[in-house]
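Enquirer: Mind having a look at this structure? Questions to follow.
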Amino acid sequence: MAHATTARTATAALLALLLTSCTGGAGGAGPAREATAPPATAAGPVAPGPPAPTPTTTASTWFEPGAAWTGDFGDPHVVVDGGTYYAYASPVGGRYLPVLTSTDLRTWTVRPRWSNTGPPGRPGYDAHTDEAIPAEIRDAPLDDWGVYDLNDALVRPASWGLPHQQGPWLERDLWASSAFAIDPAPGSGGQRTWYAYSAVRVSGERFCLTAASAPSPLGPFRDVSGDGPIQCQPADRDPGGSIDPNPYHDPATGRNHLLWKAAGQLGVRPSALLATELGPDGKPLPGAPVTTLLETNADAAWEGDTIENPSMVTYRGTTYLFYSANYSGVLDDDGRSNYAAGYAICPQGPAGPCTRPDPQVPLLASEGDLQGPGGSAGFVDAEGRLRMAYAAFRLGENLGGAQPHPRRMGVVELAQAPDGRLGVAGGRTDPAGEVARTWAELGGADGELGEALGPVVATADGRARSQRFRGGTIVSSPATGTHVVRGAVEAAWRAAGAEDGVLGLPTTEEAPARDGRSVFAHFERGSIYSSPATGAHWVRGTIRTTWGDTGWESGPLGLPVGDEQVVPGGWRSDFEGGSITVDAATGLATTTLTGGGG
C-alpha cells in the first residue's frame, strides 16, 4: 500500500522502513453490526453505489509526499475548504496525523513536504537548518532525508499518554483523528484556527482525548491540551475511556461541539455517543453539559456490541448523526467483516437525543468485494451534496505481515428522501427477487438445493426474506446480502434461534477452513464452525475475537466442541485444546490451554 521511492542512501532506506512499520490500529474498540431504500432526491449526478477499494501498487508502505495514495487510511474524516478536500485518518506510514488532499474525491494525494528547497545532498542545503520545516521535525533524531521527507501534519503531539516508541518519530499511540476550523469572533481581528482531535492511549486499552491547533488544514498542528486530556470518561464507568473524537459546527446556533464515543462496559453499560460544547480555544467549554446522543441498540443485530465513530452533519434542515457499529476487524483470513455504517436523526442537533429511522438496518454494509465499510464520517461536498467517507477491507486480499488487511478509503453520495431518511445513491436490491435469482443460478429444482419446501417468507422483523429447500435455505437482506445455509451449519444456526437468535442473519457462504477438516460460515453476531469430529458449534463476541487472535482453528485451541455457555461470573466456550472464559464484570477473556488443538 505504498509507492516506489527514489534511490537513497542505506541509512535513509532504513529510516523509511522504520517509519513504515508504525501504522495505526483499526478505528474502534470492541466487537461489530434497510428497510427498503428511500427514493433518491439529492441533486446532482447519482453514483452507482460504493466503489470497490483500489489495490495498492506495492506491498510496502511509506507516506510519500505528493504521491497518489490508495493504501490504508482508516477512520477517514473529510472536510472541504476553498474547493479542496482534506482527509484525516488514524496513523499510517509513520505519521501521527496523515493528511490527503483531493479536488474531485477520487484521486487523493499525500500531503507534500514542508519544504522543497532541498533535496539533501544539494550543495549548501541542510534539512536540519531549513526553517520551512517545523522545528520539532528538525530537532527529531532523524537524518537529512528523514527530516526532509517527514510530512506529518502533527508536529507536537500530546506530552501525556502511554509512551510507545515506534521508530525515531512516533512516541505515542493516537487514534481516529479529525479536524475543523473555528472562525474568530466578528470584529475581533483574530485569525481562523484549525483544530485536530485525536484519541491517545493512556494505558493498555484505555484512551482519552486531545486537541492540537494549526494555522491551516495542512498544519503544522501542535498539541494544546497541556498536561492532560481535554476529555476522558471516568475509568469506573467506561474502562476503555473515550475514542473517536469528531467536531461539529451547529449552523442553527453558531456554536461548536465535540462528539466522541464512551466505550461502555460489555454486559454492564452500552457504548454511547456523547457531545459537549467547545469554547473558542477548541477545548470543551468549562461547565458545558455532556449530552448522550445515542447508545448501542441491543435489539439491532447489525450493531453487535458497540457503536462508535460519531460525526454530525446538518443537511437541508435535518441534522444527522453518522456512526459505525460491530467489530471493526476482519473475521477471517479473506477479510470478511461485519463492521458497518449507520445513521440517526437529531431534531435538537448536538443537544440530543437522536433516533434511528430504521433501527434494524445499516446505511452501508459489506457487499461483494467491499467488506466492513465503517469508521465513517459525513460531510457536504463543494457542490452541496451529502457524502459519507468510510474505510473498508477488500475481500480476498491478504498482504501478510503486521497489517495483512488494509482499510482503504471510499466516498459515497447519499440520497435524502422527503421524510429525511437516507440511502446510498444508486444502490439497493429486492431481497425476495434475490432469493429466486440465487435458487435459479444454483440449478433450480434440479440443482444442489432441490425443490422448495415453502414460499419466500419475511423474517419476523421484516428486514430479510428466506426460503427453505430440500438442500438448505436461502436468506437475503439488503444489509447482509444473499447467502445459502445448509447441512450441519444450518442445523446449528436454527438450534441457536436462526435469524432471531444469538447469531442473526448469515453474512457469508459456507466455506472450507484452513485446517482442511472443517467448514465455517459467518453471521451478524458470530460464526459457526463444523467438522465431522467436533460437530457444528457457534462462537461470538469477545470469545470469537480472542480465539481469532490465537490462530482460529489452526491455533492451539483448535475447533470449538460446544456452544457458548453461561458459567458462574461470565460465559465460556470449549475448544479441542482448551477454553476461553469471559468475565462478565470486566469483559476480559481468559484462555486456558489443555492441549489437543490445531
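The values are calculated or read from the model by the stated rules, or taken from the named source; none is laboratory data. Every value quoted in this text rests on a predicted model; they were computed, and no experiment measured them. Because the Cβ atoms are built from the backbone with ideal geometry, glycine has one as well, and the counts that use them run over all protein chains shown. Remember, those area values only see protein heavy atoms, side chains included, never the ligands or the DNA or RNA. Shrake-Rupley method; radii C 1.70, N 1.55, O 1.52, S 1.80 Å.
Enquirer: Could the peptides 309-315, 418-424 be put in order, highest first, of the mean number of other beta-carbon atoms found within 10 Å of their residues?
Expert: Packing order, densest peptide first, comes out as 309-315, 418-424.
Enquirer: Measure off, as a whole percent, the carbon and sulfur share of the 1.4 Å-probe accessible area of the chain, all protein chains present.
Expert: Ligands and nucleic acids excluded, carbon and sulfur reach 53 percent.
Enquirer: In addition: Along the Cα-to-C-beta direction of R514, a point sits 7 Å from the Cα; which residues of region 312-335 have their amide N less than 18 Å from that point?
Expert: Of the residues in region 312-335, 329-335 have backbone N under 18 Å from the label point off R514.
Enquirer: Can you tell me the order of 160-173, 74-87 when each peptide is scored by its average per-residue count of other Cβ atoms within 10 angstrom, highest first?
Expert: By packing density, highest mean first, the sequence is 74-87, 160-173.
Enquirer: Using the crude model of +1 on Lys and Arg Cβ and -1 on Asp and Glu Cβ, and no other charge, please compute the dipole size for the chain relative to its Cα centre, in debye to 20.
Expert: 520 debye
Enquirer: Let me ask another. Need one word for region 367-472: rounded, prolate or oblate. Basis is the Cα gyration tensor (sqrt eigenvalues a ≥ b ≥ c); a/c below 1.5 gives rounded, then a/b vs b/c decides.
Expert: Taking the square roots of the gyration eigenvalues as a ≥ b ≥ c, region 367-472 is oblate.
Enquirer: Given the options W160, L100, P120, identify the residue whose Cα lies farthest towards the positive end of the charge dipole of region 77-190 (+1 on Cβ of Lys, Arg; -1 on Cβ of Asp, Glu).
Expert: The listed residue farthest towards the positive side: L100.
Enquirer: I would also like to ask the following. Determine the calculated [θ] at 222 nm for the chain from helices alone, applying -39500 (n - 2.57) to every DSSP H run no shorter than 4 residues and normalising by the residue count; nearest 500 deg cm²/dmol. It would help to have the intermediate numbers written out before the result.
Expert: On the way: 6 runs with 50 residues, N = 598.
Theoretical 222 nm ellipticity from helices: -2500 deg cm²/dmol.
Enquirer: Also, quick follow-up: Taking only protein heavy atoms and a 1.4 Å probe, what accessible area per residue, in Å², does the chain have with all protein chains in place?
Expert: Ligands and nucleic acids excluded, the result is 38 Å² per residue.
Enquirer: With +1 on the Cβ of every Lys and Arg and -1 on the Cβ of every Asp and Glu, and nothing else charged, how large is the dipole of region 174-306 about its Cα centre, in debye rounded to the nearest 20?
Expert: 340 debye
Enquirer: Also: Percent relative contact order of region 98-154, based on C-alpha pairs within less than 8 angstrom and at least six residues apart?
Expert: Relative contact order of region 98-154: 34 percent.
Enquirer: Same structure again: Between region 458-475 and region 509-586, what is the separation of their alpha carbon centroids in Å?
Expert: 25 Å
Enquirer: Determine the sum of side-chain charges near N398: Lys and Arg each +1, Asp and Glu each -1, restricted to other residues whose C-beta is under 13 angstrom from that of N398.
Expert: With Lys, Arg at +1 and Asp, Glu at -1, the neighbours total -1.
Enquirer: Suppose each label sits 7 Å from its Cα in the direction of the beta carbon; what would the R269-T592 distance come out to in nanometres?
Expert: Those two pseudo-labels are separated by 3.1 nm.
Enquirer: Related question: Treat each spin label as a single point 7 Å out from the Cα along the C-beta direction, and report the Q191 to A445 distance in nm.
Expert: 7.8 nm
Enquirer: Still on this structure: Using a cut-off of 12 Å between beta-carbons, work out the net charge of the residues near S579 (Lys and Arg +1, Asp and Glu -1, S579 not included).
Expert: Value of the local net charge: -2.
Enquirer: Just name one of L278, A263, F520: the one whose Cα is farthest towards the positive end of the charge dipole of the chain (beta-carbon charges, Lys/Arg +1, Asp/Glu -1).
Expert: Looking along the dipole axis, the top candidate is L278.
Enquirer: When only Cα pairs under 8 Å and 6 or more residues apart are kept, what is the percent relative contact order across region 341-421?
Expert: Values: 120 pairs, mean separation 17.1, N = 81.
Dividing the mean separation by the residue count of region 341-421 yields 21 percent.
Enquirer: Return the FRET efficiency for the residue pair D500, L162: r is the Cβ-Cβ distance, R0 is 35 Å, and the value is rounded to the nearest 0.05.
Expert: Details: r = 42 Å, r/R0 = 1.21.
Efficiency at R0 = 35 Å is approximately 0.25.
Enquirer: Here is a further query. Residues of region 490-515 with the amide nitrogen closer than 13 Å to a label point 7 Å from the Cα of A533, along Cα-to-Cβ, please.
Expert: Counting only backbone N, you get 515.
Enquirer: What percent does the relative contact order of region 134-276 come to when contacts are Cα pairs within less than 8 Å and at least six residues apart? List each step's numbers first, then the result.
Expert: Details: 304 pairs, mean separation 26.0, N = 143.
Computed over region 134-276, the figure is 18 percent.
Enquirer: While we're on this one: Could you tell me the calculated FRET efficiency between R437 and A488, based on Cβ-Cβ distance and R0 = 30 angstrom, to the nearest 0.05?
Expert: Numbers: r = 26 Å, r/R0 = 0.87.
Once the sixth-power term is evaluated, E becomes 0.70.
Enquirer: What is the packing order of peptides 289-297, 260-268, taking the mean over residues of other C-beta atoms within 10 Å and listing the highest first? Provide the component values of the computation, followed by the final result.
Expert: Values: 289-297: 17.9, 260-268: 23.3.
For the peptides 289-297, 260-268, the packing ranking is 260-268, 289-297.
Enquirer: By the gyration tensor of its Cα atoms, with a ≥ b ≥ c the square roots of the eigenvalues, what is the shape of the chain: rounded for a/c under 1.5, prolate for a/b over b/c, or oblate?
Expert: Judged from the Cα gyration tensor, the chain comes out prolate (a/c at least 1.5, a/b above b/c).
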